[in-house]
Structure formats: C-alpha cells, structure tokens
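Below is one structure; the comments refer to it alone.
Throughout, read-outs are computed from the coordinates displayed, never taken from laboratory work. Remember, predicted model here, so these are calculated numbers, not experimental data. All Cβ positions, even for glycine, are placed from backbone atoms using ideal geometry, and neighbour counts span all protein chains on display.
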Amino acid sequence: MKNKKILAMLLTLAMIAGSIPAQVFAEEIADYGDQEVPVETEETVEETQGDSTQETDPEEDPDDPAAEEADGSAETELTEETEAEAEDSADLYGDLNTQGSIMYEDVYYDDVANETVKAFRECKQYILLSSLGNDESVTLTNGNWYICDRNVTFNERVVIAGTVSIILINNYKLTCKDGINVGEYSTLNIYGEPRNLEETWGTLYAETNLKEYATIGGASEEPAGEINIYSGIVHAISFAGQGAAIGGGMGEYDETNGKGAPKAVNIYGGEVTAENNNTGAGIGGGKYAYISWDDGINIYGGNVKATANHGAGIGSGQEATGNNGSINIYGGTVTATGQNGGAGIGGGVKGSNGEIYICGGTVKAIGVLSQSSGAGIGSGHEAPQKGDIYIEGGFVYAVSDQGAGIGAGCSAGCEGTVGIDGGVVLACSTEGGAGIGGGKNGAGAQVTIGGGAVQAISRIYDASEESAFDKWSEYATSAYAGAHEMGDDAAYLFIELFAFIYDCSSDYNVCGAGIGGGFEANGNDVVITGGIVSASASFMANNSARPIGRGGGEIDEDEVSDGNLEIGDERCVMRVAGTLKEPVEYMNRVKACREEACVEIAPCNNTDFYKCERVDDESHKYICSYCGEILDTEQHVFDDHNNCTRCGEGATQLRIMYITQDLQGNRQYEYSSAYLNEDYTIRSCGSGPNGKVFIGWHLGDPNGDPGKMYYPEETIKLKDSRVYGFEAVYCKPVNTYYIDENGTRQGTVAMAIDSDVPGLTEGWYVLESDLDIKGLNISGYSMRGKVKLILPDDTEFVMGPLKKLCTNDSEQSLIIYGQTKSNGKLSVGELSGYSYTQYGGITDFSVVNLKGTTLIGGGEFTCDRITAGLFGQNGGSFLSDTFNGQGTAYVRGGKFTCDSLTTDMGLYIWGGNTDISSISYSGILPISLSWTDMSDSIRFGDIAADCSLMIADGKTFTDGAKTVTGELTGSDIAGKTLIPYDGLGVRLVGHRVSLEGDIGVWFYMDLDSSIAGSESAFMRFTVPEGDKTTTKDVFVKDVKNNTETIGGRTYYMFKCNVAAKDMGAPIKAQIIDGSRKGIEYSYSVSDYAAYLIEHASDKEEYAKAVPLVRAMLNYGAYAQRYFGITENVIDADPEAIASVTAADINKPYQGGVLPSGVTFAGASLSMKGELTMSLYLKSDATLRFACGDMTVDRSEGSGYQVARLRDIPAALIGEDYTIDITSDDGSVTGSVTYNPLTYCYNVLSAESGTYGSDLENVCKALYVYYGEVLNY
C-alpha cells in the first residue's frame, strides 16, 4: 500500500512539474460510427515496434535535457519529507487514475477544406474532479487532464495553473460558483464526451459575483490566458459584470495596456452561453479591456450565445478605447446581443471595434433594447467603427435600433471599411442608423461589395421578434443557395426576402440610409461590383434618406454629401416595391440609388432594351440601356438623307424618347426619330396611372434649368443635336376651394402636385400636403400657359434656394390663391416669367424677374430682389430688399416695404402703407401721391432733394408738424412719414372689441390738437338696432382721460356698445365739430372677432381670447335667431351649447324679505338692447326701489310696479342683486333678491317647448358666454 502511495505521489509530482506531456495521455482514434472502435494502447504500440528503440514522439530530441525530463527519466530521491509532501499533494490535486481510458470529442478546423472536423480521442490518465473536495480553493495544474464523472460543485474560485484540460462526462454537471481563473500564461481546454441521442452533454456551469473578475478567464487588471472550447456545454454568467463572462477581467482606463484582455478565446464546437449583466463583454474583454492582439476571438463551430449589458455580446467591454484585436467567425451558429450601448459583435459603449471577419456559419448580431445602442456588428455607442469588417460567407443578420446594422454605433461614424464578397447578409437599423454605415448622427463607411446577397435597410423593424428572425432565416436559406449561382432564381428569392422585410416594416421619418450615413449624417464612398444588393430607406415622401448615400433629416446644404457611388459593369439598378421591380436607365443608375425608396443592384440579363451609339464613321454599337454593356457592333445603315437609321450618324437625325406610365405606374419607354431643324409633331398620350390624368409633356433641359412643358400634337423644331426625352406628367384631380380676389370662397377641381411633377401646364393646381423638393435632383418647375396655384391652409411648398419657377411661354402667368387662413407657404429660389399675381398665401423668393405684369392683391409676398415690368398693388403685403422697376408701378392699397427702389418709369402711390428706405427715381413725370383711407401712410427715407413729387386729387397730407399738398420736392418729405389730412386732422388708427364683459367696439383715433382741445367736437356713432339705427354722441372732452400712448403718440379711445343681436351689423363712426365733418368709418364686432380668430397664432393674447370671442359670437348668433335678424347673420355653433342644462346653471330663485302687502310677481331678462333685468311687484302703496350704487329705473303698467337694472355686463350676470323696497309714507320696508341667471335657469327648467327653442338656445349661449368671460 505504501508503494502504491509512493507511485501515486511520483505520478502526481511528475504531472505538476510537467514531466509527462499531455499528449501521452490522449491518442486520436478513427470515427467508426456505430462499429466497435479499436483502441491502440501503449502496449500494442510496443508490440508492433518489436525491439525498436524509436521514441513515440518523432519530434522529440533525445539529447534535449528538457526532453529527457519530459520523458520521466530524471531521478527523484524519495525521503520521508518528500513522501509527506507528495501525500499532501495527492490530497489537494487528486489521485491520478490509470484504471480505464475516457473518450472525448475533439474538434479542429481544416484550413484547406474551410470546415470543422470532429474526432474522437482517448484520455488514458486523468484526475477525477470529484476527488478534489469543494470547501477550499482548487488549483488545476499544468499538463493534467481532469474528468467530471459526476455532479461536482466548487464553492471557491477554481484556478487554472498552466495548460489544463477538462472532459465533461455526459449527463453530469460541473458547477463553479465563483468562476474559473485562467491567468495570463495558462490555457484551459474544455471537451465533452461523445454522446448518443439519449444523452446530454456534460455541462460546465460557472458564475461569479466578483465585480472585476471574468467568470471564466482573467482576474482584475490582469490579462487572461487562452480558453479553448471543443465540445460539451459551457454556461458562464457574470452577475456583477465588470469582467467578461468568458474572457478578460476588468482592465484599467488606459488605451495602451492589455490588462483585462484575453490572449485568445477559441470555440470549435459545443454549446456555449455567456451572459454578462453589467459592463464587461459576454465573450471578450472586461470593462476598459479590449481584445488581445495575440489571437483574438475565433469561432469555428458550435452553438454560441453571448449577451452583455453595456459591453459587446462578443468583443470588448465598456469604454475599451484601445485598438481591439480581431474577431473571426468561420462557422457555427452565433447569436450575440449587446444591450444599452454595446454592439452585438464588436465594441462596448464608447468602444471601437477591431477587425471582424466572417466566412461561414449563421450569425445573428443585435445591438438594441435601448435609446443609445451599439451597432449590430461594429462599434459601440459614441465610438467610431475603426476596424475593418469583412464578410465572405455564411448567413449574417445584423440589426440595431439607433446604431447601424453593420458599422458604427449610435452617435458615431465610420473610420474603417466594410467589405462583403459572399454570403447572405441582412443589415438593418430600426431608428435612425444606416443599414450598413454610420449610426444615428454618424457618417457612413467606405463600403465595397463584390459578391453575396446583401440587404441593407433603415426602417422600423421589430428586431426582438424571434419568429421574424426564424422566418427571415427560411427566406435567406433559399436565397443563399440561389445566390451562389447568381442566376434569376437568386434574384427572385431576393425580392421575396425584401417583400418579407416590407411587411415587417413601417414608415418612420427618423431614418438613415440603407448604405451610407445615419440620420442627419453624410454618406461615404460605395463600390458595388458583384453579388445582389438591395438597399432601402424610409418610404415616406418627405424623407431625404437615400438607399445609398446620406441619411435623412436636416444637413447643412454646404456640407451635405452622398459620397461617391461606383457600380460595376454589367450590373443594373432596379426600383423595387414589394415583389415589383423595374430597371432604370444606365445613365440614371446612381440617381436612382439617391432618389428611390428601395433599389436592387444585380447582374443584368436584359437583351430587349438598348441604345445605339456611333463608334466611328463606319460603324455603331448597341449598348444595354440598363447596365451599359456593349451588346453588338455593326456597320451604319444610311437612308435617303444620308443618315444612319440606327444611330443617327450624319448629325441631322435626332433620337426621340417618350417616357410614360401604365395603369399600375410602371414606366414605359418608346423611341422615334426626327431630323434637325425640321418640323416635328409631339405625340399624344393615353390614360394615366392610379386615377391620375395626363397634363402635358416635360422636356428636360441639359443645362440644368427646369426644362419646358409641351402639349400633345404641338409642332416644334428641334434645333439641338441631342437625345430628346419627353416625359409624361400626370396629376390627380381633387375637389378643393380658394379665396378669390374679392375675398369670396370659391370651389374648383384642381390637380394635386407632388414630387413626381416637374412641370405645370394651364389650369388649376393645389398642394394636398407639405411638399419639400429642395433635396430632389430637379431644378424646379417649368410652367406653360395660365397656371393657378392654390396654397392650402397650414401647408408648405419648399423648393429651396437653388430651385426655379420659370416659363417657356410669353403669355404665361402664375396666379397664387390662398384659403381661409391664407397661411399656406411657397418658398422658391428664383421666379422668372412673364406675369405674376398673388391673392393669398405666403410666398418667399430669392430672385424675381418678370417681364410682364406683377399684381399683389392679397397675401404676403417676400423676395430679396425683384425686377418687374408693370407693377400694381391693391392689397396684401409686399416686402423686398431691392426693387428694380422696368415699367410703371402703382400702389393703391396693402403694405409696400422696400429697402431700395430704382425706376425711371412712373411711380404712383395712391393708398396703403408705403415705406421705402432709399429711392432713386429718374422718371419724366413727378412721383404721384394720394390717399384713399385715413389709415394710409407714406415714408421715403433717402430721396434726392430735387426729386419732383405731386399730391394728386387735391388731397392733403400731414407729417405731424405741418400739412403738405400740391407740388413737393424730396427735401420736403425726406425721412418723414406722411399721413392723410381730412381737414379736421383726425384719422382712425385701429379698433379692438371690448372683452370686459360688455359687447362693443373701441375706436382708436389720432386727433389734431385743435380737435383734441375743442369743447364742441364729438364722435357720432350710428348704431344698428334691429332693422333701424340710432345715434350716440361721445364728446372729445369726455374722453381726454381715456387715451393710450403707442410709439410716443397719444391716441383717443371712443367706445360704442351694441346689443348681442347687432354684433354682425356695422357701427359707423364720424368726428364732427360744428359744420366740419371727418371721414365716416365703419366696423362691426364680428369683423374684429373674425380677424382675431384668424390671427390667433400671431400673438399669445389673441390665442387666449379666442374661446371668449367664439362664445360671444355664438351668443350673438342665437340672439339674432331669437329676434328674427336676417341681415349680417352670424353662423351659430350648436355643439358649443348642446350640453348646457338647468342643472349646470343651478340658480333657482332664493326669495326675499317682502313686507306685508307687497307681492313679487316675477322677473324678465331683456336681451334686445343692453342686458336688462326687470322685477315685477304688486302693492297698494307707491313703492320706491334702490340697489346700492346702481341706478334702478321705476315704471308702472298693467297693475305692476317695475324695478329695472339696465346694462348689466356679462361678467356680472351670475351675481345676486338685492332691490331694497320702501314706500313714500314709510309704511313699507323690505327687499327682494334675484339673479339674472335665475331667469335662464327657469327657462331651461320648464317643460320642453314652454318657451320655445330659440329662447332656450339664447339662454344657453348667454350662460356659456358668461363662463368664458370669467375664464378670461
């Protein structure tokens, strides 16, 4: 027994010292399937060799001392002391078992065949892990093989010292509750036992709560050694998570060191799960730790799942700022997820990736589940993609939300390249990153695609939907099989794959490019020379994201770039929508990749559509219309004009191309020819697609202008030697309305324009929604004939500063109309043509050049510079920095503002408000001035002192200090503001409606000092009262304290109240002083209310008043109905009062203190004039009434004595009014209390129909009005 212990001790010491090589204990055997497997033992080898002295390892050098020691020939002296140490060692490290061999499954990668090879091998000598105990820290020592032949648990951290191999026996589990430490110079090999279908691989389960340690791998701030997994089940969880689950521990924040980085992680087979709940990677580096440059991470096979929270699923930990080593995937099934900023494969948060190479297997890489995600494959959040990413095989699914599918994480761009030469690749970003390229707000990568089947998508897509991935895999498997051949089947299957993505997607405006930049970021250079490539961005019409190029969103126009796009020969570009695809012309391949929603780039198989081009004087060639391939070359065929009938050689024959659309919207191409300088008749066109109608032919301009519009059957001469392309323009007819020049609403049918419309012919047009074409590759709009454009409320048509509106017709005119709000907007760079008219809307031009008439009759017109022929304005607003008049200019109304005006023609300013900072006038006739309304004004800033002016029609102006009339010079008025003088020196400057609870209009008057100081001057109001009028006079002297100072000038305020029923009727106002009378002004409450509601968005105070004004108008509308008013009718709003009931008012009569002999008979509320409450009482005594400071009118009739309170403001109709009652002889004293709303309450409480619906409605409207007064 003692000898056995000594032998065990010697073997153990030998293994610790490394004297017995590991390979001695394991020999490869062939895989015989279900047959009995012969095993070569050491004894059978000796028998075969006979007396030969050849060593078992032919590479061993017998003269090498190390070899001698490894051979076990070194002598070891046994003493009692060493025997005791050996016994202790045996207790610590276990007994060496030599009683039977153990089979294990080895896997290696064949570099020549590019595949993993499985081999079954035999381990002859090993140590049972169950013999090591589990209460103390266990060290597994160099050169030893360890077997887990039963369920074994180690409570302390297991230490790997040197090169250690573990074999996991089927159906058993090795549990390491504090992980496994693999130091910098150590190697851990993990194998599983061969298994049949009924058996489960042995499992290594490791977990740790050590914050800075890897679960399997390195300690804190120490590099890890090499970890090799060949077979079996390995499951590693890091709960604290600053070290990797498998790999390195936490490093230091220092980009130059390798602390926390694993030397290598190699996975050849098995089932590997790595979970990290914090900042380290699932497989790779810990926090601050990048991947080692030694051997990196290599996955050759197996089923690998790796997740991390802030680190990469596979790659580096959070904030690993150094240069990462490589990640190589040759096969297997790999699922890697980086959450909260980490990439699926690549860098953690704020960490860039190293080189990533994929040539096989199925790879699913996800960087999602947060608003700051890393890429699917690439860098982490806020870190650029640095290492090159190269894919040449396998199935690769890479998705992120705000990072790129493949490329950079959110808020980062690309410094490395992306290359794809094979495999099936789906790269998708769901919320602002590119499919391949930059993350959200990050520029794109340099991308080269030479093979494979590639889908690059920036769309909304539920990346967490497992069933979606499974379904995609089903499509991808078939597509990949076909893609190897690059035939039609592969292309078709690829379209099917796109159709699936289309179904799983939805439009979203925050979108990156398919290949290129993320949202609000530029693209980069892309080269596509092989494979099948599909790229798509958002399908929304107003999104500027490209399939290949820049991302969506706003980018400074001076800095925006799509990058260069190079498409290889013999490849065509197709527009794609679901399963439909349409090739684009060769010359438009790049353009389509910038403008379409989705494109596919694939080998071209076209033989039907081609162009014929001259080669030389003898021959021409046929070129594929889609890919540019030369299909054939032949000799010229000349006609009687000595022109080649194929290519036009002879320089007089021109090629004509017509582009139309079929009923489904597919583009159709037809060709014909014509001769230079000969008459040519343009062909007609049939029905349009999808309910649209044909409006004309658009001919593009080779010089970059918007081109020209032509009508069918029109005859023209073609004067340029070029290919003429006439494109059919279609629009959808819609029912709409506009406000005409008289302010009247008119209905019409107009053509709806969108980004597909390059030109307009005579007729009505309208925007259906906002339209922004500033980013489209068109120069602007060409117009032909009389074009009438409606700008609907709350829409904007933005063409951008470089776009043009121009005409090819000397009789052309553009007329702009608005709708009710007149806030529809048109923004254009340049407007050129013959004539222009605007009656509504808001327009903004950079340059305007019009030869004919310009008329501003309404709306707001703004430009930087205008050159105009005949100019007229009678309304609206005109604003320009520079005005160059080429014809007579008339201003009769509206607001005309200009910094600099130059003209040598006539200038007539006869109304409106004109403000010209600088004027240069050289006309023959004097500048003519006049006014039509007292609100008019004229100001000339800088004007020549000797410039002649004439005030026409005997009118008089005042500059506030003196009056002027007749002939003037520039020196008389320079820098002064002229306002009309009516002989009295008064003018109306503005109105406002009283919102204090009563109903009336304030008139703001500018009064001459003689009128302001007059004792006899008064304002006469002519007020409507139903179908009659009455006058009210307010003396100027009585309003001297009722003034308001605005801009240093004092204005006098006169107020005129009206009854609710008369809100729609005009109030006339006129200043009179003796026999002198001023201008009579007219205004109504409803006029001002309509203005305030329409301009509610202009001022906060307007918006605040809108509910009150609407309630006031509704009260007036129902009062009109009650009193039978049929003129100046206001529209009622039934919904505003529909829910009002007596219970809402809740003002029943509360009674009073009535003396004996006095009876309260009832009350009434009069709304015919001012609001008046009347109380009816009976008594034999003559009664007297009082109500505090208020005046109580008394009257008698029909046996009643009546007390009346007049002119009760709306704000006070909810108050209780107590009428004190006395008699002349003092025999009666008492009171009665009544609330005006009690009357309304009684009306609504009565049985339905008692008072009639008109009175009920006016009571409801009064109550709603009262409520809004209180709210205001």
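Give me the Kirkwood hydrodynamic radius of segment 750-981 in Å, from all C-alpha pairs, to one decimal place? Walk me through the numbers before you get to the answer.
Numbers: mean 1/r = 0.0545 Å⁻¹.
Computed over segment 750-981, the radius equals 18.3 Å.
Assuming 0.36 nm per residue, please report the length gained on full extension of the stretch A1090 to S672 beyond their Cα-Cα distance.
Here the segment from A1090 to S672 would lengthen by 144.6 nm.
Taking neighbour Cβ counts within 10 Å as the exposure measure, how do L1171, L676 sort from fewest upward?
Listed from fewest to most nearby Cβ atoms, that is L676, L1171.
Which of the lysines could a cross-linker span from K611 if the Cα-Cα distance has to be under 25 Å and same-chain partners fewer than 8 positions apart are dropped?
Straight-distance partners of K611: K581, K591, K621, K708, K717, K719.
Measuring from a point 7 Å past the Cα of E1015 along Cα-to-C-beta, which residues in segment 1023-1050 have an amide N at less than 14 Å?
Label zone hits: 1036-1038.
With r as the distance between the Cβ atoms of D556 and K732 and R0 = 30 Å, compute the FRET efficiency 1/(1 + (r/R0)^6) and round to 0.05.
Once rounded, the FRET efficiency stands at 0.30.
Could you derive backbone 3J(HN,Hα) for segment 855-864 from the dihedral phi with the Karplus parameters 6.51, -1.76 and 1.60 (θ = phi - 60°), listing whole Hz in sequence and x where the residue is Gly or Pro?
My calculation for segment 855-864 gives 10, 10, x, x, x, 10, 10, 9, 8, 7 Hz in order.
For segment 902-916, list residues with backbone N below 19 Å from a point placed 7 Å from the Cα of T888 toward its Cβ?
902-912
Holding the Cα-Cα limit at 19 Å, pick out from K1028/K1168; K263/K350; K1055/K1104 the pairs that are longer than that.
Among K1028/K1168; K263/K350; K1055/K1104, the Cα-Cα distance tops 19 Å for K263/K350; K1055/K1104.
For each of I528, I753, count neighbouring Cβ atoms within 10 Å of the residue's Cβ, then give the residues from fewest to most.
Ranked by crowding around the Cβ, least crowded first: I753, I528.
How far apart, in nanometres, would the label points at N703 and Q664 be if each is projected 7 angstrom from Cα along the Cα-to-Cβ direction?
4.1
Taking the Cβ-Cβ separation of E252 and K177 as r and a Förster radius of 22 Å, what is the calculated FRET efficiency to the nearest 0.05?
On the way: r = 27 Å, r/R0 = 1.25.
For E252 and K177, the calculated efficiency is 0.20.
When only Cα pairs under 8 Å and 6 or more residues apart are kept, what is the percent relative contact order across segment 986-1094?
That works out to 29 percent.
Put +1 on the Cβ of every Lys and Arg and -1 on every Asp and Glu Cβ in segment 881-957; which of G912, F940, C898 then has its Cα farthest towards the positive end of the dipole?
Ranked along the dipole, the leading option is G912.
What distance in nm lies between label points placed 7 Å from Cα along the C-beta direction at Y1149 and Q746?
5.9
If you average the alpha carbon positions of segment 409-443 and of segment 356-397, how far apart do those two centres end up, in angstrom?
Cα centres, segment 409-443 to segment 356-397: 8 Å.
Determine, from the Cβ-Cβ distance of D1038 and S1231 and an R0 of 45 Å, the FRET efficiency 1/(1 + (r/R0)^6), rounded to the nearest 0.05.
0.80
When the chain is fully extended, how far beyond the present Cα-Cα distance does D899 get from R865, taking 0.36 nm per residue of separation?
Gain in length upon complete extension: 11.2 nm.
Enter the per residue convex hull volume of segment 1136-1271, computed from alpha-carbon coordinates, in Å³ rounded to the nearest integer.
Spelled out: Cα convex hull of segment 1136-1271, divided by residues, is 120 Å³.
On the first, second and third principal axes, largest extent first, how far apart are the outermost C-alpha atoms of segment 943-1031 in Å?
Result, largest extent first: 56, 29, 26 Å.
If I take the Cα coordinates of segment 859-926 and project them onto the principal axes, what are the three extents in Å, biggest first?
Cα extents, longest axis first: 32, 24, 20 Å.
Could you line up T430, T897 from fewest to most neighbouring Cβ atoms inside 10 Å?
Lowest count first: T897, T430.
Hey, rough spin-label estimate for A945 and D1180, points 7 angstrom out along Cα→Cβ, what's it come to in nanometres?
For the pair A945/D1180, the computed spacing is 9.6 nm.
Give me P(r) over segment 152-221, computed from all C-alpha to C-alpha distances, binned every 5 Å, as integer percentages.
4, 17, 23, 24, 16, 10, 4, 2, 0
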